[in-house]
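Undergrad: Submitted below is the structure of interest, expressed as C-alpha cells.
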Amino acid sequence: MTINRWLLVALLLVAAVVGAGGMMASFAINHATSTDAFCTGCHTMALQYNDPFFQNSAHRSNKEGVRPSCGDCHIPTTNWFIETYVHVTSGIRDVYVETTHDFSDPKAWEARRAALEEEARAQIRAWDSVTCRSCHDAGAIKPSSDAGRQSHALLAQGGVTCVDCHINLVHPPVAANASPTAAPK
C-alpha cells in the first residue's frame, strides 16, 4: 500500500472510533436526561411532578408497580436521531423559557402549562403515540365499552391515535381560563 492508502485507512479508523464514541456518549446523555430526577430539576417541572393528580394517576400509582419516567412519555426512543433531536430542541427551549420567565405567578404558570399541554398532545399525535405504544399493545387492550372497542378498532386502522381519546390521564386538566396563546414559547 502506498502512504495515501495508509493515511485513508488511518483516517477511516479514527472516524469510526470518534463516531462510535459520540454515539455511546449520546446514548448515555439521552438516558440520563430522560429521568424524573433530571426533568424535575426545573422548578416548574417539580410542580408537575409533585401535583397530587399526577402522583395518583394510573401511570404513577398502580397495582403493577409500573412507573414510567417523564422521558418514557415525552421522548420517543424508537429512533436514535429523533430521540437526540427531541432532547436537544426541547432542552434548549425549556432552558430558555425557564431562564427568561418567572413562573412563580400561578396564572403565568397555568398559561405556560396550557401551551405545554397543547404542544405535548400535538407532538405525541404526530409521533402516532409511539411513546404510548412502547408500553401498551393496542391490539391486546380489550375495552369494556362499545365506544372503547369502536375507538380501538379505528386506532388499528390508523388516522387516530391514543391521545385523541386518552387525555388528562397523567397530568391535571388545564384550567378553563388559562390561555395558551399568552404563554411564552
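Undergrad: Mind checking the full-extension length gain between V95 and L13? Use 0.36 nm per residue of separation minus the Cα-Cα distance, one decimal, nm.
TA: 25.8 nm
Undergrad: Once the convex hull of the C-alpha atoms of the stretch 76-185 is built, how many Å³ does it hold per residue, rounded to a whole number?
TA: Taking the convex hull of the Cα positions in the stretch 76-185, it is 122 Å³ per residue.
Undergrad: How large is ³J(HN,Hα) for each residue in the stretch 37-52, as worked out from phi by the Karplus curve 6.51 cos²θ - 1.76 cosθ + 1.60 (θ = phi - 60°), to whole Hz, x for Gly and Pro?
TA: So the J values, rounded to whole Hz, are 4, 5, 5, 8, x, 8, 3, 5, 6, 5, 4, 4, 5, 8, 5, x.
Undergrad: Using a 7 Å offset from the Cα along the Cα-to-Cβ direction at both A140 and C165, what is the distance between the two label points in nm, to one decimal?
TA: Between A140 and C165, the label points sit 1.8 nm apart.
Undergrad: So how tilted is helix 146-157 from the main axis of the chain? Cα-based, degrees 0 to 90, rounded to 10.
TA: 20
Undergrad: Here's something else I'd like to know. Between H59 and N4, what length in nm is gained on full extension when 0.36 nm per residue of separation is reduced by their alpha carbon distance?
TA: Separation in residues times 0.36 nm, less the Cα-Cα distance, equals 14.0 nm.
Undergrad: If one takes the longest principal axis of the Cα atoms in the chain, at what angle in degrees, from 0 to 90 and to the nearest 10, does the Cα axis of helix 3-32 lie?
TA: That helix lies at roughly 20 degrees to the long axis.
Undergrad: Let me check the size of the stretch 115-158 from its C-alpha atoms; what are the radius of gyration and Dmax in Å?
TA: Gyration radius and largest Cα-Cα distance of the stretch 115-158: 12.0, 33 Å.
Undergrad: Could I ask something else about it? Plugging the Kirkwood radius over Cα pairs into Stokes-Einstein for the stretch 15-107, at a temperature of 37 °C and a viscosity of 0.692 mPa s, what D comes out in µm²/s?
TA: Estimated via Stokes-Einstein, D reaches 217 µm²/s.
Undergrad: Let me ask something additional. Need one word for the stretch 73-140: rounded, prolate or oblate. Basis is the Cα gyration tensor (sqrt eigenvalues a ≥ b ≥ c); a/c below 1.5 gives rounded, then a/b vs b/c decides.
TA: Note, shape of the stretch 73-140 comes out oblate.
Undergrad: Still on this structure: So I have [x] 104; [y] 187; [z] 138, and one of them is volume of the Cα convex hull per residue in Å³ calculated from this model. Which one is it?
TA: For volume of the Cα convex hull per residue in Å³, the calculated option is [y].
Undergrad: Under a point-charge model restricted to the Cβ atoms of Lys and Arg (+1) and Asp and Glu (-1), what is the dipole moment magnitude of the stretch 32-185 relative to its Cα centre, in debye to the nearest 20?
TA: It works out to roughly 240 debye.
Undergrad: Return one number: the angle in degrees, 0 to 90 and rounded to the nearest 10, between the long axis of the Cα atoms of helix 106-126 and the longest principal axis of the Cα atoms of the chain.
TA: Around 60 degrees separate the two axes.
Every number in this text was worked out from the coordinates using simple rules, so none of it is lab data. Since we're looking at a predicted model, the values are computed, not measured. Counting neighbours? That spans all protein chains shown, and the Cβs are built from the backbone with ideal geometry, glycine included.
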